[in-house]
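> My questions all concern the structure below.
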Amino acid sequence: MKHLSCENITVRFGGVLACKGISLAIEKGQVSGLIGANGAGKTTLFNVLTRFQEYESGNVYFKGDSIDDKKPHHMASLGVVRTFQNINLFKGQTTLNNILIGAHHRLGNPLASVFSLPRARRNEKRLYARALEIAEMLHLEDYLDSTAANLPYGYQKRVELARALASDPEVVLLDEPVAGCNDEETDELKSSIKELNKELGITFFLVEHDMSMVMDSCDYIYAINFGENLAEGTPEEIQRNPD
């Protein structure tokens, strides 16, 4: 099943065509990748798929239904979340609070929380327990009370991923998840993505320049160049493709 897809996406910034009729389809349950040189249009396409960027023409679909009219704040409720190239955390908050913030749309009626109704208390306990589970999956359990700003860079990347997972998503888009990470941090994040994909069935779509990360993690890869589709296939097919 096509989980998240787009057809003939065209994005223009003034006289510059950032995307020129790009089409792709991310299969449910797979880890897919998007590669291309700097300026190829990768982040622009990510922004389109998560509705941070409007487009001149084309269509975006989630599970076969058009989401052209959706806004960024609708996406988490649909089941689509993302991380960003630059770490985007609440640096003054603890790891635990950052993870819980990711579940804000699952709190339900805000008045129930304000008045501490039994249903709200039960829901908060459930979200708290889920946050602890996610922290354990990403080996953050020893850093729950640590302020995010004081964590090593690789752990901040994990916290951002944990916050995305707290919304209980179906699809997670990762924009350069290992950029700036050392080899050990890269290997740990690579293992975490594989484990989350296998155990939770989450569909991942990642943009990454680290080819070892892409080739080791992805089931299927799209390559774009100068805003256009260039090639697609398994890692082995992409490696053999002369283009």
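What follows is calculated from the coordinates using simple rules that are stated; it is not laboratory data. Source: prediction; values computed, not measured. Cβ: placed from backbone, ideal geometry, glycine included. Neighbour counts: every protein chain shown.
> Compute the relative contact order of region 1-112 as a whole-number percentage, counting only Cα pairs closer than 8 Å that sit 6 or more residues apart in sequence.
It comes to 25 percent, rounded to a whole number.
> Provide the net charge surrounding Glu27, with neighbours chosen by a C-beta distance below 13 Å and charges set as Lys +1, Arg +1, Asp -1, Glu -1.
Details: positive: Lys2, Lys28, Lys63; negative: Glu170, Asp219, Glu232.
So the surrounding residues net to 0.
> Which cross-chain or sequence-distant (5 or more) residues have an amide H under 5 Å from the amide H of Arg82, H modelled 1.01 Å from N in plane?
Sorted by chain and number, the residues that satisfy this are Leu173.
> What are the ³J(HN,Hα) values, in whole Hz, obtained from phi via the Karplus relation 6.51 cos²θ - 1.76 cosθ + 1.60 with θ = phi - 60°, for each residue of region 49-57 in sequence order, with x given for Gly and Pro?
5, 9, 6, 7, 10, 6, 9, 6, 7
> Let me spell out the model: positive unit charges on the Cβ of Lys and Arg, negative unit charges on the Cβ of Asp and Glu, origin at the Cα centre of the chain. What dipole size does that give, in debye rounded to 20?
Details: 25 positive and 34 negative charges, 251 e Å.
Dipole about the Cα centre, nearest 20: 1200 debye.
> Structure shown: which of Lys157/Lys194; Lys70/Lys91; Lys20/Lys190; Lys28/Lys91; Lys125/Lys157 lie over 23 Å apart, alpha-carbon to alpha-carbon? Don't skip to the end; give the middle numbers.
Working: Lys157/Lys194 16 Å; Lys70/Lys91 29 Å; Lys20/Lys190 31 Å; Lys28/Lys91 33 Å; Lys125/Lys157 25 Å.
Over 23 Å Cα-Cα: Lys70/Lys91; Lys20/Lys190; Lys28/Lys91; Lys125/Lys157.
> Further, regarding this structure: Using only helices, what value at 222 nm comes out for the chain when you add -39,500 (n - 2.57) per DSSP H run of length 4 or more and divide by the total residues, to the nearest 500 deg cm²/dmol? Write out the running numbers ahead of the final one.
Numbers: 9 runs with 91 residues, N = 243.
My calculation for the chain gives -11000 deg cm²/dmol from helical runs alone.
> Also: Bin width 10 Å, alpha-carbon pairs only: give the P(r) of region 1-48 as whole percents, running from 0 to the bin holding the largest distance.
24, 54, 20, 3
> Turning to a different aspect of this structure: Could you tell me which label, among (i) 17.9; (ii) 14.0; (iii) 15.6, carries the value of mean projected area of the Cα convex hull in nm² calculated for this structure?
It is the value labelled (ii).
> Still on this structure: Given N residues in region 111-243, what is its alpha carbon radius of gyration divided by 2.2 N^0.38 Å?
Working: Rg = 18.1 Å, N = 133, 2.2 N^0.38 = 14.1 Å.
For region 111-243, the normalised Cα radius of gyration is 1.28.
> Moving to a separate point now. Contact order normalised by length for the chain, with contacts defined as Cα pairs under 8 Å and 6 or more residues apart; what percent is it?
Numbers: 450 pairs, mean separation 69.1, N = 243.
Normalised by residue count, the contact order of the chain is 28 percent.
> Karplus couplings for region 225-237 from phi (6.51 cos²θ - 1.76 cosθ + 1.60, θ = phi - 60°), rounded to Hz, Gly and Pro as x?
Calculated HN-Hα couplings, in order: 8, 6, x, 10, 4, 10, 7, 8, x, 5, x, 5, 5 Hz.
> Okay, next question. Which of the three applies to region 1-91, rounded, prolate or oblate, going by the alpha-carbon gyration tensor with a ≥ b ≥ c and a/c under 1.5 meaning rounded?
Numbers: a/c = 1.34, a/b = 1.09, b/c = 1.23.
It comes out rounded by the Cα gyration axes.
> Report ³J(HN,Hα) in whole Hz for each residue of region 73-82, in order, from the Karplus equation J = 6.51 cos²θ - 1.76 cosθ + 1.60 where θ = phi - 60°; Gly and Pro get x.
6, 7, 5, 4, 5, 6, x, 10, 10, 8
> Another one. Sticking with the crude label model, points 7 Å out along Cα→Cβ, report the distance from Phe90 to Asp219 in nm, one decimal please.
3.4 nm
> Would you mind computing, in nm to one decimal, how far apart the modelled labels at Phe226 and Glu141 are, each placed 7 Å from Cα along Cα→Cβ?
In this crude label model, Phe226 to Glu141 measures out at 5.3 nm.
> Next question, about the same structure. In degrees from 0 to 90, rounded to the nearest 10, what is the angle of the helix 118-137 Cα long axis to the longest principal axis of the chain?
In the chain, helix 118-137 runs at an angle near 60 degrees to the longest axis.
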